[in-house]
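Since the structure comes first, as structure tokens, the remarks are kept for the end.
Just so it is clear, none of the values below were taken in a lab; they were calculated from the coordinates. Since the model is a prediction, treat every value here as computed from it, not as a measurement. Positions of Cβ are generated from backbone atoms using ideal geometry, with glycine treated the same way; all protein chains shown enter the neighbour counts.
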Amino acid sequence: MKTNPYTLSVRAFTLLELLVVMSIIAILATAGLKVGAAAKRVARKAQAHNDCLIFVNSLSQYRALEMPFPKAWDGGQSTNRPFLAALLGEKSKWNRTCTAYFGPGRVTNNPRAHGHVVTRNQFNDPWGMPYQIHLDTEEKGELTLPPAYGEVFGSQVTGRPIFVHSAGPDGDFSTVDDNIT
């Protein structure tokens, strides 16, 4: 039997099959975006915690070599104060030897840049806000914390001369539940 050479057997996707495949791709893409956003949130919190530890270590080194903390640093400092320049090694009355205790990386002029010094006078958390630092400048062996932390940690911490914290994603230091210490 002879076959007709002019008849072709073409198989194509139906509209229903294309819609099913596109729906599956859309569902997977949505799930991927949610996982990516959650991973970004976790990474920012981890970076903020790491930055807090870097500040604690830098200030501990400063305290060990310069002893004690200057009285001008009393109370809650934010990381856009002049003492940051002293930690970076800029010569001042607080760092006469120009020792760099804090090395944050490259310098940028973007005021919301995370983790970089902005014009040598600011260091931001991952959400673009300066960290806050509380120091025991009187060498009493106890540190008075901000009032918002009173219910969580108590009003004073003994044995720790340094307390560093970030306002967290909401940018508000008074809401302690999302702050990073």
Straight distance only, please: which lysines reach the Cα of K91 with their own Cα at less than 24 Å, same-chain residues fewer than 8 apart left out? K71
Which aspartates and glutamates does K93 reach when only Cα atoms under 14 Å apart count, and residues fewer than 8 places away in its own chain are ignored? E66
Could you please report the charge total around L143, scoring K, R as +1 and D, E as -1 over all other residues with beta-carbon less than 12 angstrom from its beta-carbon? -3
Setting aside same-chain residues fewer than 8 positions from K40, which aspartates and glutamates have a Cα under 19 Å from its Cα? D51, D125, D170, D177, D178
Kindly rank 37-46, 15-24, 55-64 from highest to lowest mean number of other beta carbons found within 10 Å of each residue. 55-64, 37-46, 15-24
